[in-house]
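Novice: Below you'll find the structure I mean.
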């Protein structure tokens, strides 16, 4: 059996890989002009879903809806039966969690296929390896029906030309009122659609995330025990709080993660969220005075000993430190709020998590809150006949069914019985459910973020209050929805260099002069080009 | 796989050795030298044992103790097998283990056969094609093909999502072949020539003279292959789209590496990544991924006793 | 009989013999045997060509601005542009090169001999059972991935790690090892030894298992001391293997601990931690510059060839077999 396969395969492989050699000189690819890549498109209409009332409604400026309890009457998302019957759909995406059990042993996955009307084949890759897998899959040419695409600055292969060549322009299906055919996609706010636009068309589906981003979480229980005010108003007060909260003898420190700590310092000064746009001119945060001040402040924090001594060298330990009280303040993403309670409440007695807004730098310099990316990533759909595209969109529409529907319940809490039990009207995951619902539907598309925590409904109003406060001070990143080839190619490289330097300066290992040199080099080799590209893109798009 | 020479006397190496260890040459040397050596080995063993005890302890410690310690614990207060039952209940981990065992067994067998043949084929300088093939082998260690062309080749061969993609591309490891070849070449030429004069075919020389004399080295190279197959995850990452077919190491990766967010450092996961799986779960899957392959070594070790060569020559 | 046994022991001694007999066999008409040997090599050779050399053709992307979806056929040709990263005297590249060479040197000097010494020590243990146990323990770390090892070291040696907690509780201050640029290379080296020294003994133990016990017996009867025995009987048995491995290691001189370093890189800063492989990763693959990665791969290959062939020649000058002999 082996020999014929090998011989035939050998020739095929030789032909496949060798074709490039035979046809040398064929390098006929020309990238499209930036103006075209960033052209605007008519966005989908925003038609909010109003099926499930709440006293904490979503707002136009980006506050997520909050719910204390799941409605008693679960709304059937598709009363007329499964919406996307037809051949199976392959979706390539990623996962942060351990992989879920395969479909034949996964009650939630099976029920999901039934609910959608066709087999959803998730091809899962561990998150860190995704860019590699993405590039390789593109090169192979045999694409799944839909793929998760990380934003260009995390995935250089996400070029507008690639989208144009291989993926469907969804504009005819989704722009303006056309999106009403897919009511749950129409329920996704406009902010999340902006990054889906390339080449003057809608090329992707959003995976919405809350723009309010996350707060600095505080261990209220521990701070109260020390009689400290958990809510500093200025950098000075914050610094004092850090000092007071630190007790090396008890292995307790104020802060852990140097990256998010530095982000917090930047926000205290209202510094740019990567880029700042004024009258069409772009400034990167590396270049700002705020950045240099934040470095100084970071060094002060380290010198004062309020940063965990291992903070600069550990990998992925910060959440655990926050959970076991080795650090008492921790800036993190919005999803961490519920996670902290789920994971650490059983082991941390009296766990009480509060939130802190970035304190103002001083009276003259008010703080801001960096706006979170409106999407984690986007979902692109392989070119296909119209009927197939419609089927896929209907399936994705089903995956975007919002809170209160059976679709939402199924995606997040699985099947009643094996995956969750009811407490009142609220689903509580069983161990089996916890393993099964990691099926990454949330990395295909998603409904808008909803504040809801069945185990501890009383925390939801606090989460809602945080979002209301946060959206008033949001600092957007003007480049979020735009494409710059230079940024895609260079930002990670410089990101690493600057991360290394930033950690160095914050520890006093590198000088600020070195930082300034690096910024000059960045400008010369990448920054000024990026700026020009973004300014042009901005002018084209808005 | 290959039959052992029937002429080789079934004198167990262990017994041979024990007989010899009584002789003066095997005595452990002067007391201070001996003490120093023992001390050094003891330190080495401790340096390894302590972390491994920590891993095993963590895997059976309750989550409260693990969270309190903020990582590994040295000794579990309240041992529990919760982590193991949680891992094995989903069916994914046990299936992945079967996949890994299958890949390792089949892969090692194929690799060993083809490597032994290749090494033996290259063991006589001057034979037909000897130099160019040896050069190709050597150069393959120095020039490594890129990820994408390898993927394209495997795809052209129709092996995406097939278990063969985890075996055939890594079937020949040049390093192993070269080492095996050097072991083969150290067999006394007189033995081989004697067999040739007797009119033995190359097959029977290989199976009746060379292999019986090379049990230790073949065992070691087999172990190298087995461990490579066992530890491999990257090809599975590229070639296996269906997580149900993943080997153990790739499943392990989603438990241990993923949340480190630096398996490539390319994705901003500093904020917004979910809480990593409990450390006890990570430790448990680590233990599960190590135990099966560790069990292989003693079988190889059996052939590493002294006196093998002399026994055969005398026979 | 006795002659046979003596040549049996130290593999190195026979290399000369093989060379001498070569013309003799050439004269024989029996090339059929040679052809038979060739057929032995065919299956392995086929796998090598199919899965190594055909994909290797794809390395022409070293001369392209390769984009995965466009393919080799249509990606624009860029001549030697991708090689700029190696040859334009970029300060960061030179630093990476210097770190790489330093680490290679350190590892050849301090890491390479450890498994040999360990194997000798194990080999001299009287109790066979003890020997097996020690071996079984020492080779365990090989099965841990770098992520786990880095985390373990962090927890043992970090500022709040077990060692420092112990030191603090005895008022001995703290010892900053992790995340300290000054000790970084030492840390890397120690980690490598910890992970692979035990594993590395396996090959040497296999080689030692072939040493003829009669030789020990004979030398002991001659009244040779323990040390002399090691020198005259045990080490020669390992010599050709050691040289072979050393040559092959040189071929890899430009690759050191990619994943290991990537994991610990930002903790100590790029200045002291960037090596060629991480440099290529950060400058090439992360930004999707596949062509650059392929170009550096080619350069590394060429350097490897020069080093291996050179080292092989030197080995021949000392009468050793080396990797191969023409």
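Novice: Report whether or not residue A:206 is more than 14 Å from chain C (Cβ to nearest Cβ) and part of a strand (DSSP E or B).
Specialist: yes
Novice: Name the residue, out of C:256, C:242, C:286, C:233, that is modelled with pLDDT under 80 and within 30 Å of residue C:121 (Cα to Cα).
Specialist: After ruling out the rest, the residue left standing is C:233.
Novice: Does residue A:439 satisfy the condition of being in a helix (DSSP H, G or I) and more than 13 Å from residue A:116 (Cα to Cα)?
Specialist: No; evaluated as a whole, the condition is false for this residue.
Novice: So which residues in region A:218-260 are touching a strand residue (DSSP E or B) at 6+ places or on another chain (Cβ under 6 Å) and in a helix (DSSP H, G or I), if there are any at all?
Specialist: Matches in region A:218-260: A:220, A:260.
Novice: Moving on to the next point. Go over the candidates A:464, A:408, A:483 one by one and state the one that is part of a loop (DSSP other than H, G, I, E, B) and over 30 Å from residue A:312 (Cα atoms).
Specialist: Step by step, each of A:464, A:408, A:483 is checked, and only A:483 is part of a loop (DSSP other than H, G, I, E, B) and over 30 Å from residue A:312 (Cα atoms).
Novice: Please verify whether residue A:395 is touching a strand residue (DSSP E or B) at 6+ places or on another chain (Cβ under 8 Å) and surrounded by fewer than 20 Cβ atoms within 10 Å (Cβ to Cβ), treating the condition exactly as stated.
Specialist: no
Novice: Being assigned by TED's automatic domain parsing to the domain that holds residue A:179 and closer than 20 Å to residue A:183 by Cβ is true for just one of A:89, A:95, A:124. Which residue is that?
Specialist: Among A:89, A:95, A:124, only A:89 is assigned by TED's automatic domain parsing to the domain that holds residue A:179 and closer than 20 Å to residue A:183 by Cβ.
Novice: Looking for something at the interface with chain C (Cβ under 7 Å from one of its Cβ atoms) and under 23 Å from residue C:61 (Cα atoms) - is there at least one such residue anywhere in region B:121-130?
Specialist: no
Yes or no, residue by residue, for (1) over 20 Å from residue C:47 (Cβ atoms); (2) more than 7 Å from every other protein chain (Cβ to nearest Cβ); (3) not in a helix (DSSP H, G or I):
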residue: B:160; (1), (2), (3): no, yes, yes
residue: B:169; (1), (2), (3): no, no, no
residue: B:182; (1), (2), (3): yes, no, no
residue: B:200; (1), (2), (3): yes, yes, yes
residue: B:210; (1), (2), (3): yes, yes, no
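Novice: Could you tell me which residue of region B:212-232 is surrounded by the fewest Cβ atoms within 10 Å (Cβ to Cβ), considering only residues that are modelled with pLDDT of 90 or more and more than 10 Å from chain C (Cβ to nearest Cβ)?
Specialist: The extreme case among them is B:228.
Novice: Report, by residue number, each residue of region A:136-153 that is in contact with a helix residue (DSSP H, G or I) (Cβ under 7 Å, 6 or more places away or on another chain) and part of a helix (DSSP H, G or I).
Specialist: A:136, A:138, A:139, A:140, A:152, A:153
Novice: Would you mind finding the one in C:50, C:120 that is within 12 Å of chain B (Cβ to nearest Cβ) and within 30 Å of residue C:186 (Cα to Cα)?
Specialist: Among C:50, C:120, only C:120 is within 12 Å of chain B (Cβ to nearest Cβ) and within 30 Å of residue C:186 (Cα to Cα).
Novice: Filter region A:100-121 for residues that are surrounded by 23 or more Cβ atoms within 10 Å (Cβ to Cβ) and within 8 Å of chain B (Cβ to nearest Cβ); which is farthest from the chain's Cα centre (by Cα)?
Specialist: By that ranking, first place goes to A:101.
Novice: Something else now. For residue A:283, all conditions in the list (1) in a helix (DSSP H, G or I); (2) at pLDDT 90 or above hold save one; what is the number of the exception?
Specialist: Checking residue A:283 against (1) in a helix (DSSP H, G or I); (2) at pLDDT 90 or above, the one that fails is (1).
Novice: Let me ask something else about it. Out of the residues in region A:499-515 that are surrounded by fewer than 18 Cβ atoms within 10 Å (Cβ to Cβ) and free of Cβ contacts under 8 Å to residues at least 40 places away in the same chain, which is nearest to the other protein chains (Cβ to nearest Cβ)?
Specialist: Top of the filtered list is A:514.
Novice: Going residue by residue through region B:75-93, is there one that turns out to be within 14 Å of chain C (Cβ to nearest Cβ), modelled with pLDDT of 85 or more and under 30 Å from residue A:326 (Cα atoms)?
Specialist: yes
Novice: If I ask for residues that are assigned to a loop (DSSP other than H, G, I, E, B) and within 21 Å of the chain's Cα centre (by Cα), which ones from region A:339-366 would you list?
Specialist: Those that are assigned to a loop (DSSP other than H, G, I, E, B) and within 21 Å of the chain's Cα centre (by Cα): A:357, A:358.
Novice: State whether one or more residues within region A:286-296 are in contact (Cβ under 8 Å) with a residue 40 or more places away in the chain, surrounded by fewer than 17 Cβ atoms within 10 Å (Cβ to Cβ), assigned by TED's automatic domain parsing to the domain that holds residue A:366 and closer than 27 Å to residue C:160 by Cβ.
Specialist: Scanning region A:286-296 turns up at least one residue that is in contact (Cβ under 8 Å) with a residue 40 or more places away in the chain, surrounded by fewer than 17 Cβ atoms within 10 Å (Cβ to Cβ), assigned by TED's automatic domain parsing to the domain that holds residue A:366 and closer than 27 Å to residue C:160 by Cβ.
Novice: Would you confirm, using the coordinates I've provided, whether residue B:253 is at pLDDT below 90, in contact with a strand residue (DSSP E or B) (Cβ under 7 Å, 6 or more places away or on another chain), in a helix (DSSP H, G or I) and within 11 Å of chain C (Cβ to nearest Cβ)?
Specialist: The answer is yes for residue B:253.
Novice: Check residue A:97 against each of (1) surrounded by 17 or more Cβ atoms within 10 Å (Cβ to Cβ); (2) within 16 Å of residue A:439 (Cα to Cα); (3) modelled with pLDDT of 95 or more and name the one condition it does not meet.
Specialist: With respect to (1) surrounded by 17 or more Cβ atoms within 10 Å (Cβ to Cβ); (2) within 16 Å of residue A:439 (Cα to Cα); (3) modelled with pLDDT of 95 or more, residue A:97 is out only on (3).
Novice: Filtering region B:296-315 down to residues that are at pLDDT 60 or above and at the interface with chain C (Cβ under 10 Å from one of its Cβ atoms), which residue is surrounded by the most Cβ atoms within 10 Å (Cβ to Cβ)?
Specialist: Checking each candidate, the answer is B:304.
Novice: Quick one: is residue C:81 more than 7 Å from every other protein chain (Cβ to nearest Cβ), out of contact with any strand residue (DSSP E or B) (no Cβ under 6 Å at 6 or more places or on another chain), over 30 Å from residue C:234 (Cβ atoms) and surrounded by fewer than 17 Cβ atoms within 10 Å (Cβ to Cβ)?
Specialist: In short, yes.
Novice: Quick check: is even one residue across region A:460-477 under 24 Å from residue A:202 (Cβ atoms) and under 20 Å from the mean Cα position of the chain (by Cα)?
Specialist: yes
Novice: Condition check: modelled with pLDDT under 95 and buried (at least 24 other Cβ atoms within 10 Å of the Cβ). Does residue B:182 satisfy that?
Specialist: The answer is yes for residue B:182.
Novice: Pull up region C:289-303, narrow it to residues that are within 19 Å of the chain's Cα centre (by Cα) and without any contact (Cβ under 8 Å) to a residue 24 or more places away in the chain, then point me to the one that is surrounded by the most Cβ atoms within 10 Å (Cβ to Cβ).
Specialist: That would be C:301.
Novice: Now, a different point. Before we move on, is residue B:148 crowded, with 21+ Cβ neighbours inside 10 Å, at pLDDT below 95 and not in a loop (DSSP other than H, G, I, E, B)?
Specialist: yes
Novice: Same structure, new question: Pick out the one residue from B:195, B:244, B:236 that is part of a helix (DSSP H, G or I), within 14 Å of chain A (Cβ to nearest Cβ) and surrounded by fewer than 20 Cβ atoms within 10 Å (Cβ to Cβ).
Specialist: Checking each option against the conditions leaves just B:244.
The values are calculated or read from the model by the stated rules, or taken from the named source; none is laboratory data. Keep in mind the model is a prediction, meaning the values are calculated, not measured. Note that each Cβ is placed from the backbone with ideal geometry, even for glycine, and that neighbours are counted across all protein chains shown.
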